[in-house]
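Below: the structure, in C-alpha cells.
The values are calculated or read from the model by the stated rules, or taken from the named source; none is laboratory data. Nothing here was measured: the structure is a model prediction, and the numbers come from that model. Cβ placement follows ideal geometry from the backbone for every residue including glycine, while neighbour counts extend to all protein chains displayed. In case anyone asks, the SASA skips ligands and DNA or RNA and just uses the protein heavy atoms, side chains included. Shrake-Rupley method; radii C 1.70, N 1.55, O 1.52, S 1.80 Å.
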Amino acid sequence: MAENRNGNAQSANGTASGNAYSINLETFSTRLKTFYSHWKETKSDLWGSADVLAIATPPASEDLRYLKSSALNIWLLGYEFPETIMVFTKKQIHFLCSQKKASLLGVVKKSAMDAVGVDVVPHVKAKTDDGIGLMDGIFSAVRSLSKADGNDNPIVGYISRETPEGKLLETWDDRLKNTGFQLSDVTNGLSDLFAVKDQDEIMNVKKAGYLTYSVMNKIVVPKLENVIDEEKKISHSSLMDETEKAILEPTKAGVKLKAENVDICYPPIFQSGGEFDLKPSAASNDELLYYDSGSVVICAVGSRYNSYCSNIARSFLIDATPVQSKAYEALLKAHEAAISALKPGNKVSAAYQAALSEVEKDAPELVPNLTKNAGTGIGLEFRESGLILNAKNDRVVKAKMIFNVSIGFQNLQNQTNNPKKQTFSLLLADTVIVGDKNPDVVTSKSSKAVKDVAYSFNEDEEEEEQPKAKAEANGTEAFPSKTTLRSDNHEISKEELRRHHQAELARQKNEETARRLAGGGNGAGDTRSSARTTTDLIAYKNVNDLPPPKAMMIQIDQKNEAVLLPIYGIMVPFHVATIRTVSSQQDTNRNCYIRIIFTVPGTPFSPHDTNSMKHQGAIYLKEVSFRSKDPRHISEVVGAIKTLRRQVMARESERAERATLVTQEKLQLAGNRFKPIKLHDLWIRPVFGGRGRKIPGTLEAHVNGFRYSTTRPEERVEVMFGNIKHAFFQPAEKEMITLVHFHLHNHIMVGNKKTKDVQFYVEVMDVVQTLGGGKRSAYDPDEIEEEQRERNRKNKINMDFQSFVNRVNDLWGQPQFSGLDLEFDQPLRDLGFHGVPFKSSAFIVPTSSCLVELVETPFLVVTLSEIEIVNLERVGLGQKNFDMTVVFKDFKRDVLRIDSIPSSSLDGIKEWFDTTDIKYYESKLNLNWRQILKTILDDPQSFIDDGGWEFLNLEASDSESDNSQESDQGYVPSDMEEESVSEEEDSDSKSLVDSEEEEEEEDDSEEENGKTWEELEREASNADREKGVESDSEEERKRRKIKAFGKSRAPPSSGFPKRTKLR
C-alpha cells in the first residue's frame, strides 16, 4: 500500500511476502481465455475494431485513483505492475518492463500458450535506457504479425482517457501516435469485460462490504450517537480520520480481515450544517458537526478488499421536520425501487426510471432535486464508466454484475431562517450484486429504516412545538424516531401512551391480516401429511426357511422376528409386528392361559395400509389363546414376545422418523483451516437412548456446523449452521445449569428421537443432601468455603461458555454466513415471568426475538415475528392469576396457552409486548380459540368486514349496546372446549437435576374390539367407582365423575424465523 494506493490487491490464492510475489496461474489462464474471447466476440462493437491492444500502466502514486490499465493488471495478474506496457496481439503478448517485473511475469508463459495459444515476449528495460529501441521492436513485431494475417494497416486500441505519466509512458505515447497506426479507444471493451464478476471477485466485494457495514454499524453510528447525546464538539475531518483508521485496522470494527489486504475507496465523507455535496469526489471539511433540531447528517463510507470496492451511505435525521420526513420516505422508496429493478434482462436505465417513478408518484415536487443518476457499476473501479445508472444507458443488466446504487435529493429547503438548517440534502447508497432472480444487497446489515436513522431529542420546547404545528397544518405527521434521549413531556401517562400505541398496532395488524387472508395466505403452516406406509412384513420367504419344530409348543424366532404358533398340528409363523398385545392369566385350577391379540387392518385403530390393500379379500386372525400347565413357561413366552415386539417397533418407529427428515448438508471438518472451537464435558438433551451409564461429550464448531460426540462412537450429533433458526446462551444465575440451546428449522435425530430442539449444558453445582438434619451456623467456615467453591465453579463455567459463544459469534460474523443471520441470543431475566406452558410451572423469559423456557422440558421457543396477536384472559375480577393465549399468523396452527401467570406480572408483560410491537387484547374469560380460528378460516371476508380482531377489544365492546350479543356466539369459555390430546409427549419432561435413566415404555394403549383381561377388570372397577357404594349420596357420585374427567391441550410446535436485533 505504501507503493501504490491502487495496487494493494493480491490474487485470490496468491501470496505476497516482502518482495516475493506469486501469480495465480489458474486464475490467469481462466481470465486470459475470457479476455481473448470477449475481444474476439465484441471486437467491432466495444473494442473499436482494434487488431492490437496496447495498455500502458503509469508509475505508482500515493493518490487514490482508479485507472483501467491498473484494473486490467490486477484482474489478469493479481497485482498492479507500474510503468509497464502490455501489447496484446492474436499470437503474442509483449511486456515492456523492468528486469524484476519480467522475471515475475516469466511464469505465465506456459499458461498463456496453453490457454489461448499466444507467446509471451518480455522486453527488459534497463534503468538508464529510455526504451525507444524496445518500443520500435514491439512495433515491428506488430507490423510483421499483421502482414502475415493480410492486414497492412492494423488498428491499435488504447485507453485514450488516461493521460500518460512519467518519461516512459510519455515516450510510448509519442512513439505510438507517430507510427502511422490507426488508433481507437478500447475503454468500452474493458468496462464490459470487468462488468460481470466471477466467484472470486464477488467474494472480494462481499468481504469489502462486510468491512464497510461493520465500520458503519460499530464505529460511525455509535460515535455519532455518543457525540450528539453528550453534546460534544467534533469536526467532520476528525470523524473522517477516525473512520479511515477503523477501515485500515479492521479489528477495530470486529472484522477479521488482514490489514494488508484492505484500503479505503475514498476518504470517509461526513457532512452537516447546510453544506452538502452528493458527488463521490466530495470531501469532509473542518467545520464542526451540526446536530441541532431539524438538522441532517450524511455519512458515506467505502472500503476495498484486494482492490475490490464497496460503498455505503446513510442520512441521519435529528428531530425531523415534516418536509424532511416526507423527503426521506420518498428517497427510501426510490432507493428500494432502483435496487429491485436490477434484474437480469432489464436495461440499466430501468433502475433510474424506477426511482424516478416512485418520486413522481409520492413527492413530484422533489423531482428537480433528485440526483441525475442512481449510481454506477463498482468493482476494481469505484465508478465503472460504462454502467452508470441514468435514464439513457441501454446496456443490459446481467447476473453477477455489481452496482453502487447511490441516490439522493440535493439542496432541499426547510422553512427556517437558520442558514445551517435552511438547506439540506439526503443520500442513500448500497452495494448490490445482481442475482439470477433477485438482487443481493451486500451492505443491507446497516439499516436505513426510518426508525434507525431518525433521532429525537426535543430539548428545546419551542423548536419542538414548531414542527408539530406545521405537521398539523400540512396534514402530515413526522415519523417515529429511533431513540428519545431527552423529553420534557411528562403529562401523558405510560398507560395512555401504551393505549395509543396499541390502537395503532391494532389498525396495522387488521390491515396486515386482511391482506394475508385476501391473498389466500390463511394457512401459512406446513400442511404436508406424512402418511405412514408399511413395508411387506415377511418373516420367511418360503416354507423351507422355517426352523424345525422342537415340539408342538409356542416358539420365538429372534433372528427372523417371528412367533410360531401350533395350530392343528402345524407350526404357523406370524411376524411379531402383527401382534398387538400378549398377556397371560391363571385360573383357580392352576391352568395358565396365554392370549395373543393381532392387529387387524380395517378396524378403527388399525386402518388399511399399502400391505393390506394388496390382499383385500384376505381373512385375518383376530386373537388366539393357548392353555398350559407350566406357568413358568407361559411367563417366559410372554416376556420374550413383548421384548421382541418392543425391539421391532422401536426400530420401525425410528426408521419412519428418519424417513421424514430433511437431508442435511455434510459437515465440513475444520482440519487444517482453523482449530475447531471446543466446549468440553457437556450433557445433551434430548438424551441418547440405551440403558448404559450416561457420559458427557464435547461440542465442536467446524466450518459449517457443530458436532457433539462422546467416547461412544454411536453417540454423535451434527447440527448444521444452515439448519439453526435460533441460538441461545443462558448462563446460570438462579438456575443450576448453564446452557447453549439450538432451535432448528428442520428436525434431526438425536439417538432414536426426532427433535427440533438440541441443548448442551453443564450443571454448575452438585446436588448435596445433608444427612445430619441439624442447622449449620451461617458463620461455619466449612459452609462459607463450600459456598465460595460453588460460586467459583459457576463463574468458571459461565466464563467458558461465554468464551465459546463469543468465538462462535465471530465465526458467524464472517461474510459467508451473513445470509444466515445467526447470533447467540441471551434471555432477559428481568422481563421473565412464571407460568404453565405445558404441564408444570416454569420461568418464561423473553429474548430479543423469542419467548423461551429452556430449563424444563418440553422446551418452549416462540418466535415473536410469527405471532399474530396475544390475548390476556381472565384479567381482572380480583384474580390472582391470568392466562395468556398466543395466536400465530398460521391460523391452522393451535394457539399456545400459558396458564396461571401471577397478576403481579401483568403490567410488565403488557409493557414488553408494547415495546416489541405485538398487539395484545384483554378478556375476562377464556375463549374457544379452535372455534374462533375455524370461523375465520371458513369465512375470512366476514372476519375482515366485522373489524378483524376488534371483537376482542373490551373497551370497544363495552361502549356498544348490551343487546348486541350475536357477536359472542361461537366464542365460549375454554372450559367448554372439546378435549384434545397433546401432540408431543416428551419422555424426558423432568427437570434436569432430577432426571433419571430413561424408562422403557410399552405401547399397548390402543383401543380395539378384543379386550384384554386387564382392560375388562379396569372397566368393571371404574363402573363400580362411578356407581359408588349404596350409602354414597347423589352429590358424592357426581363429584367423583367430575373428578375423573380431565382434558389436555396440544402444545404447539415452535419454530420461527430470526428477528432483527435492536442496535
Quick check on this structure: which one of VAL196, VAL221 is open to solvent by less than 50 Å² (accessible area, probe 1.4 Å) and modelled with pLDDT of 90 or more?
VAL221
Can you name every residue in region 69-104 that is buried (at least 20 other Cβ atoms within 10 Å of the Cβ) and not hydrophobic (A, V, I, L, M, F, W, C)?
SER69, SER70, ASN73, GLY78, TYR79, GLU80, PRO82, GLU83, THR84, THR89, HIS94, LYS101
Take the conditions modelled with pLDDT under 50 and open to solvent by 70 Å² or more (accessible area, probe 1.4 Å) and apply them to GLN466. Does it pass?
yes
Hey, LYS796 hits all of (1) open to solvent by 70 Å² or more (accessible area, probe 1.4 Å); (2) touching a Pro at 6+ places or on another chain (Cβ under 8 Å); (3) not in a strand (DSSP E or B) but one; which does it fall short on?
(2)
Would you confirm whether or not region 121-128 contains a residue that is open to solvent by 70 Å² or more (accessible area, probe 1.4 Å), among the β-branched types (Val, Ile, Thr) and farther than 17 Å from LYS33 by Cα?
yes
Residue that is farthest from ALA399 (Cα to Cα), among those in region 147-196 that are of a type in the set (Val, Ile, Thr), out of contact with any helix residue (DSSP H, G or I) (no Cβ under 6 Å at 6 or more places or on another chain) and touching a residue at least 12 places away in the same chain (Cβ under 8 Å)
THR171
Just checking, does region 56-63 include any residue being open to solvent by less than 40 Å² (accessible area, probe 1.4 Å), in contact (Cβ under 8 Å) with a residue 24 or more places away in the chain and touching a Lys or Arg at 6+ places or on another chain (Cβ under 8 Å)?
yes
Every residue in region 413-432 that is open to solvent by 10 Å² or more (accessible area, probe 1.4 Å) and either in a strand (DSSP E or B) or closer than 21 Å to GLY345 by Cβ (or both), please.
GLN413, THR423, LEU427
Among the numbered criteria (1) among the polar types (S, T, N, Q); (2) out of contact with any Gly (no Cβ under 7 Å at 6 or more places or on another chain); (3) open to solvent by 10 Å² or more (accessible area, probe 1.4 Å), which single criterion is violated by THR321?
(2)
Candidates ALA115, ALA50, filtered to the one that is small (Gly, Ala, Ser), in contact (Cβ under 8 Å) with a residue 60 or more places away in the chain and surrounded by fewer than 21 Cβ atoms within 10 Å (Cβ to Cβ):
ALA115
Which condition number in (1) touching a Gly at 6+ places or on another chain (Cβ under 9 Å); (2) in the same structural domain as VAL805 (by the TED database); (3) not aliphatic (A, V, I, L, M) is the one that PHE706 fails?
(1)
In region 807-839, anything under 25 Å from LYS910 (Cβ atoms) and either assigned to a loop (DSSP other than H, G, I, E, B) or in contact with a helix residue (DSSP H, G or I) (Cβ under 6 Å, 6 or more places away or on another chain) (or both) is listed as GLN826, PRO827, LEU828, LEU831, GLY832, PHE833, PRO837, PHE838
Search region 854-887 for residues being within 21 Å of the chain's Cα centre (by Cα) and of a type in the set (D, E, K, R), and hand back the single one that is least open to solvent (accessible area, probe 1.4 Å).
GLU868
Open to solvent by 20 Å² or more (accessible area, probe 1.4 Å), within 30 Å of VAL432 (Cα to Cα) and at pLDDT below 90 - does that describe any residue in region 163-181?
no
Taking the options SER841, SER848, SER818, SER803, name whichever one is surrounded by fewer than 19 Cβ atoms within 10 Å (Cβ to Cβ), hydroxyl-bearing (Ser, Thr, Tyr) and free of Cβ contacts under 8 Å to residues at least 24 places away in the same chain.
SER803
Out of all the residues in region 332-349, which are in a helix (DSSP H, G or I) and open to solvent by less than 30 Å² (accessible area, probe 1.4 Å)?
ALA334, HIS335, ALA337, ALA338, ILE339, SER349
Tell me which residues, restricted to region 129-152, are loosely packed, with under 11 Cβ neighbours inside 10 Å and not small (Gly, Ala, Ser).
ASP152
